[in-house]
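K.L.:
Before we start, here is the structure in question, set down as C-alpha cells.
Derivation of every value follows stated rules applied to the coordinates shown; laboratory data play no part. Here the structure is a predicted model, which means the values were calculated and not measured.
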Amino acid sequence: MDRILADPALEAQPNFESAAYAGWLNTLTIGGTTREDALAQMAEGWRIERQERIDLWQQQSEADARAQQDQEELNRAEKEAEEQEERREAEKKKPKINDFDANTTVTDVLIPCPSQFTLQKIKNMEYIELWYFSPDGCRDASDNSRSSSEDAYGFAKVEGMVALKPVASFKASQKALQDHDLSWRQFDLAKTSYLVHLEKCNWPEKHQQALAMFFMLITNHEHRTRSRGEKTLLRYAGFVHREWHDRLTQNQGFNIGIFNNALYNTLSDDIWEVERDEGIKMV
C-alpha cells in the first residue's frame, strides 16, 4: 500500500459543480437522477472514500509511532551497551591493588629484589647466573635503578605495550660472575633467593623440587670441610645448573636433584691438577 502523504481529515470537499467534475455529474443524471441528487451522491461518495483514507492515515500514523518508538529503544539500548563497554574498558585500565590480611605482619626475613632483567629471565624460565640473586647482584640492580635518570633509554614490551625503559633495567650486568666464581657465602644466599623467585613465578612444582634437592645436596655435602671441597662443589653446581637448562631447551632434560659422584670426582681431580701445575710453576 502506498503511503498517504497528508492527513485526509484536513481536506476540503471539492466543488462538484465545477467544470472538473462535469463529466461525472452528467453521467449520473443520464438515468433520470436529478442534479441535486447526483451532487448529493458525489458528495457522499467522496466522504466515504475520505473516511477510508482517514482510517488508513490513522493506521499509518500509529505504525510510524511504533516504529519510531522501537528505533528509539534500539538506539537507547545500543547507547547503553556502548557506555557499559566503555565502563568495562575503563575498569580494565584502572590500577588495581590486591586485598590484604589485616592480621598478617611482614615476614621476618626480606628477600632482596633482583633486577628486571633477572626477573624477566625467571618468568621466561631461562638460565640466569646465581650472582644476580646475591646481595652484590641485588645491590647492583638497586644502584642502576637509582641512576636510571642518567641512563640511555630503549624500547621494551610491557604487558603487551611498547614502553621506554632504562637500558640498564633489561640488560645483563657487566659485574655478573659465573656460579663457580662465587664465594660460598654468595652462593648460599643467592640460591635461597633464586628458589623463592622461582616459586613466585609459578615454575612447575617438579622443577622447583628438583632444584631444591640439587642445592640441598651441594650445601650439605660431606666434602665441604675438605681443602678443595667448597671450590669443587661450586664448580659442580655451576656446570650442572647450566647444563640442566641447556638440556631442557633441547628436550633432553635430566633430574638435577640426583647428585653425580663420578662427575664430582672428575671436577675435583681437575682442580687438584690445576693447583699442582700452578705449584710446580711457582717452584
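K.L.:
Taking Cα centroids, how far is the stretch 62-106 from the stretch 217-243 in Å?
P.N.:
60 Å
K.L.:
Same structure, new question: With θ taken as phi - 60° and the coefficients 6.51, -1.76 and 1.60, list the Karplus ³J(HN,Hα) couplings across the stretch 188-196 in order, rounded to whole Hz; mark glycine and proline as x.
P.N.:
Couplings: 5, 6, 5, 5, 5, 4, 4, 5, 5 Hz.
K.L.:
For the stretch 1-107, just say rounded, prolate or oblate: build the C-alpha gyration tensor, square-root its eigenvalues into a ≥ b ≥ c, call rounded for a/c under 1.5, and beyond that prolate if a/b exceeds b/c, oblate if not.
P.N.:
In terms of gyration-tensor shape, prolate.
K.L.:
Now a separate question. Evaluate the Debye formula for the chain with equal point scatterers sitting on the alpha carbons, no solvent, and hand back log10 of I(q)/I(0) at q = 0.07, 0.09, 0.11 Å⁻¹, in q order, two decimals.
P.N.:
-0.53, -0.69, -0.88
K.L.:
Gain in length, residue 91 to residue 34, computed as 0.36 nm per residue apart minus the alpha-carbon separation, to one decimal in nm?
P.N.:
12.1 nm
K.L.:
Okay, next question. Tell me, what ³J(HN,Hα) does each residue in the stretch 47-57 have, in order and in whole Hz, if you take phi through Karplus 6.51 cos²θ - 1.76 cosθ + 1.60 with θ = phi - 60° and put x for Gly and Pro?
P.N.:
Working through the residues one at a time gives 5, 4, 5, 5, 5, 4, 6, 5, 4, 5, 4 Hz.
K.L.:
Using the C-alpha atoms of the stretch 166-259, what convex hull volume per residue, in cubic angstrom, is computed?
P.N.:
For the stretch 166-259, the hull spanned by Cα atoms encloses 120 Å³ per residue.
K.L.:
Then there is this: Show that you can apply the helix-only estimate: for the chain, add -39,500 (n - 2.57) for every DSSP H stretch of four or more residues, divide by all residues, and state [θ] at 222 nm to the nearest 500.
P.N.:
-19500 deg cm²/dmol
K.L.:
Moving on to the next point. Apply the Karplus curve 6.51 cos²θ - 1.76 cosθ + 1.60, θ = phi - 60°, to the phi angles in the stretch 243-257 and return the couplings in whole Hz, x for Gly and Pro.
P.N.:
Whole-Hz 3J(HN,Hα) from phi for the stretch 243-257: 5, 4, 5, 4, 5, 4, 5, 9, 6, 10, x, 10, 7, 5, x.
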